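Here the structure comes first, spelled out in structure tokens, and everything after it is commentary.
The values are calculated or read from the model by the stated rules, or taken from the named source; none is laboratory data. The model shown is predicted, which means the values in this text are computed figures rather than measured ones. Heads up, the Cβs are rebuilt from the backbone with ideal geometry, glycines too, and the neighbour counts pull from every protein chain shown. Keep in mind that these areas ignore ligands, DNA and RNA; they rest on the heavy atoms of the full protein, side chains included. Shrake-Rupley method; radii C 1.70, N 1.55, O 1.52, S 1.80 Å.
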Amino acid sequence: MSRTIYVNGCYQPYNNALLHVEDRATLFADAVYEVVEIKAGNLVDQDAHLERLERSLNEIKLVTDFALHTIPFIIRETIRRNRVKNGYVYIQVSRGCAQRDFVFPKTNETPATLIIFARSKNPLKLDKKSKKGIKVITHPDLRWKRPDIKTTGLLASVLARQTAIEQGAEEAWLYNKDKIITEGAASNAWIVNNQNELITHPANQSILKGITREGVMQLAKELNLKFSERPFSIEEAKEAKEAFITAATNLVMPVTQIDEKTVNDGKSGPISLKLREIFHEFAQISH
Ligand code: PLP
């Protein structure tokens, strides 16, 4: 079945879905995006993702000529046309197409570009992977100083993730000059210490405030688990009882190895697996 992608008002066949060469997304990564999980045809935490999209747009001073509240309708239609039951929807807004210039184009002459596509992902495969857990490597955090904004300027993350793959791992945990783990290349990083305390980096300008991360913090409250938003070092991570990553496309994914150090004897940790198991019970589901 051919796939359809929404580009600026039209649902286009996959092979014809094109952006202009001078779209600011291609020239400057002058664009922001979101990824929302689709589960059984429903959207998981859609409102929180769209609120974060609005925040990202505000942070880069991108004023759209379309109303943001139309996005859920386009998302729905894109999912319907592509018959996605489980997977994710990708939403990107760029500052539009204009002759190359570092200065913003005039908003009234340059409409923003909106792209939306939906893709299937087999949830059983991910569940299977979670039972085994994943390996992560540590890698310097070479990104710009505002990774709290979800922009498409992802080259440093692409290179870190590629290095992880080349080393037989699935994710790179990024560390700063003080050897503090900030987050993953495309996920938030968590550890559980010997006191069963969940620890993740504070949501300041050094990380993306993940929607799944927020969900897990709520779950921790429900389960009466202690959690703490504080920096943790590579060394502390390697001493952890459990570790996991969170992201909309992975949910809670246990980490069983950090560089050469195994975590929890190389087995997915029980707290990580429990959080994964009950995640959707507490998430916002849009039908
Ligand atoms: N951190 C980074 C750098 C990411 O790219 C992502 C997701 O893509 C996350 C964290 C997790 O965010 P969320 O849980 O909202 O998917």
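Consider residue 50 against the criteria (1) open to solvent by 80 Å² or more (accessible area, probe 1.4 Å); (2) in a helix (DSSP H, G or I): it satisfies all of them except one. Which criterion is unmet?
(1)
Determine whether residue 63 is closer than 21 Å to residue 152 by Cβ, in a loop (DSSP other than H, G, I, E, B) and aliphatic (A, V, I, L, M).
yes
Give just the number: which of (1) over 17 Å from residue 275 (Cα atoms); (2) open to solvent by less than 10 Å² (accessible area, probe 1.4 Å); (3) within 12 Å of the ligand (Cβ to nearest atom) does residue 213 not satisfy?
If we test residue 213 against (1) over 17 Å from residue 275 (Cα atoms); (2) open to solvent by less than 10 Å² (accessible area, probe 1.4 Å); (3) within 12 Å of the ligand (Cβ to nearest atom), just (1) comes out false.
Checking the condition outside the structural domain of residue 10 (by TED's automatic domain parsing), surrounded by fewer than 16 Cβ atoms within 10 Å (Cβ to Cβ) and in contact (Cβ under 8 Å) with a residue 60 or more places away in the chain, which residue from 135, 131, 150 passes?
131 is the lone residue from the list that is outside the structural domain of residue 10 (by TED's automatic domain parsing), surrounded by fewer than 16 Cβ atoms within 10 Å (Cβ to Cβ) and in contact (Cβ under 8 Å) with a residue 60 or more places away in the chain.
When only residues in the range 182-207 that are among the aliphatic types (A, V, I, L, M) and surrounded by fewer than 21 Cβ atoms within 10 Å (Cβ to Cβ) count, which is farthest from the ligand (Cβ to nearest atom)?
Looking at the filtered set, the residue picked out is 203.
Identify the single condition in (1) part of a strand (DSSP E or B); (2) over 30 Å from residue 243 (Cα atoms); (3) among the charged types (D, E, K, R) that residue 100 does not satisfy, given that it satisfies every other one.
(1)
Just wondering, is there one or more residues in the range 20-30 that are open to solvent by less than 10 Å² (accessible area, probe 1.4 Å), within 12 Å of the ligand (Cβ to nearest atom) and either touching a residue at least 60 places away in the same chain (Cβ under 8 Å) or in a loop (DSSP other than H, G, I, E, B) (or both)?
No, the range 20-30 contains no residue that is open to solvent by less than 10 Å² (accessible area, probe 1.4 Å), within 12 Å of the ligand (Cβ to nearest atom) and either touching a residue at least 60 places away in the same chain (Cβ under 8 Å) or in a loop (DSSP other than H, G, I, E, B) (or both).
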